[in-house]
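The values are calculated or read from the model by the stated rules, or taken from the named source; none is laboratory data. Note that the coordinates shown come from a computational prediction; the quantities given were computed from them, not determined experimentally. Neighbour counts run over all protein chains shown; Cβ positions are idealised from the backbone, glycine included.
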Amino acid sequence: MAFSWAGGTRGTGTRTTHGGAGDGTGWYPVARSSDVGTSPLPVGAGGQPFVVVRLAPGAEVTAVGARCPHRLVPLTTATVVDGRLQCGYHGWQFNAEGRCTLIPALGPDGAPPPRADLAVPWAVEERDGWVWLAPERTTVARPPRAGGSHPAPDPEQVPELPEPAGPVLGNLDPALEHAWHPVALAAELRDGGYVQVRLLGRNWTVHRRGGALDADPPAWGVTERLGLIWLAPDEPRDRPLPVPEADDPRCTAAWLPPARTAAPAGPLVDALVDVAHVPFVHASAAGQDGEVPDQPVTREPGGFCSRQERAVADGVLQVTYVHRAPFQLLLRLTPPDGAGTTVVTVLQPEDADSTRVYTCLFLRGVDGQPVPAAVLAAEVAAEQAALAEDLRLVAGTASTGLPLLLRDELHVRSDRLGVALRRALADFAAECAALDRATDLEHRASA
């Protein structure tokens, strides 16, 4: 339990406990000085979460809010770079006062918005081998003494990070009942056989009998598409992802082994449409310029599309993103020589903290020539490595889902695809909620 000394009791050594977490008054012991180094340490003071860190070996202790305001990533994953705290997701940097000094995606001339600054406590002090925080202004100038005849400090438990104020689309959201979800590779289900799958917190058994598909318990529908088995628990309101490469004889398809992450599907799709994180998460892109070029976005029924052009050494690279709610994504890269790589990723929300990931590569050779086996194997290996890095990233965000209220996070111009994703998912959730309300009214009217 945390404690503080009011002015009248400080000299007597009497321990005064706070009435409850969140009082935010007085000084709070949060950690031993020896435990605070250049890796952020999570602490709690007055019911508020902070991280404490030294921005150089032996430097004074800095205390800042526990989350980056951009994507609410815990700053326990941050690192110290050139005397500043750098978020591990997009490289945003913060100084000892919590001020955001750099957003790499905005380029060297980009100015961080005021909301990019971190919350900081009123005061931080080291005394008698302990780090103390005063979250709010206090009339007591210094923290109490510790050691000897004085009471031993008793840091409070680190509080849970607060949930966003608005709606969050998690893996068990009722809206997801109204979507087609991939549940298995088609090759996993032979005629006369079955597969047991996990979807939306429930177990299902999918059968293939005489070429027909069915599910137990009964589902609205089961179908096969794009080399996958899809299941819709209730009347679907989503739209299929267009993948013309699946019917293009010039393309060679290669499935990655299905992967799994302990994160919800929404934050993973957000990472996959996000370019700004690439230099800070993917080893193959380390050291690249973090500035993100313009990303035009076109809203489409059920999702969005973004077509971009990027200058490369021998011409222009065409980049296309296509999303369909809830968790279907296509990335198409067309270089100047006319070859191409398309990555299709679809997600299966198994449980609140489990998502299965299906990824298929479509490669087209120059002038329609077959893709050499060695090239195909190298592309698959590179995509597996990049996906593994993204899965580790989202698993470390401690997210329960994707916030749909835009003001719960801080969006900058490099986040246009992420904003489009949130709007598409919010529209999808609203449409499904309206359908559920109409169905409920019909049931009541007929009862």
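At-a-glance table
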item: Identity of the residue in region 289-326, of a type in the set (A, V, I, L, M, F, W, C) and assigned to a loop (DSSP other than H, G, I, E, B), that ends up nearest to the chain's Cα centre (by Cα); result: Ala325
item: Residue satisfying all of: in region 66-90; buried (at least 19 other Cβ atoms within 10 Å of the Cβ) and small (Gly, Ala, Ser); nearest to the chain's Cα centre (by Cα) among these; result: Gly88
item: Filtered residue count, region 408-425, keeping only those that are assigned to a helix (DSSP H, G or I) and either under 15 Å from Ala271 (Cα atoms) or in contact with a helix residue (DSSP H, G or I) (Cβ under 9 Å, 6 or more places away or on another chain) (or both); result: 12
item: Complete set of residues in region 247-286 that are among the charged types (D, E, K, R) and either under 17 Å from Arg392 (Cα atoms) or in contact (Cβ under 8 Å) with a residue 24 or more places away in the chain (or both); result: Asp248, Arg250, Arg260, Asp270, Asp274
item: Residue check, Glu136 among the acidic types (Asp, Glu) and not in a loop (DSSP other than H, G, I, E, B); result: no
item: Tally, over region 384-415, of residues that are within 20 Å of Ala429 (Cα to Cα) and touching a residue at least 60 places away in the same chain (Cβ under 8 Å); result: 10
item: Filter result for Gly201 (surrounded by fewer than 15 Cβ atoms within 10 Å (Cβ to Cβ) and modelled with pLDDT of 95 or more); result: yes
item: Checking Ala386 against (1) surrounded by fewer than 17 Cβ atoms within 10 Å (Cβ to Cβ); (2) closer than 30 Å to Gly110 by Cβ, the condition it does not meet; result: (1)
item: Residue match in region 6-24 (condition: modelled with pLDDT of 95 or more, in contact with a Phe, Trp or Tyr (Cβ under 7 Å, 6 or more places away or on another chain) and either surrounded by fewer than 22 Cβ atoms within 10 Å (Cβ to Cβ) or outside any strand (DSSP E or B) (or both)); result: no
item: Residues of region 317-355 classified as free of Cβ contacts under 8 Å to residues at least 60 places away in the same chain and in contact with a Pro (Cβ under 6 Å, 6 or more places away or on another chain), total; result: 1
item: Selection status of Pro121, surrounded by 22 or more Cβ atoms within 10 Å (Cβ to Cβ), part of a loop (DSSP other than H, G, I, E, B), in contact with a Leu (Cβ under 8 Å, 6 or more places away or on another chain) and not charged (D, E, K, R); result: yes
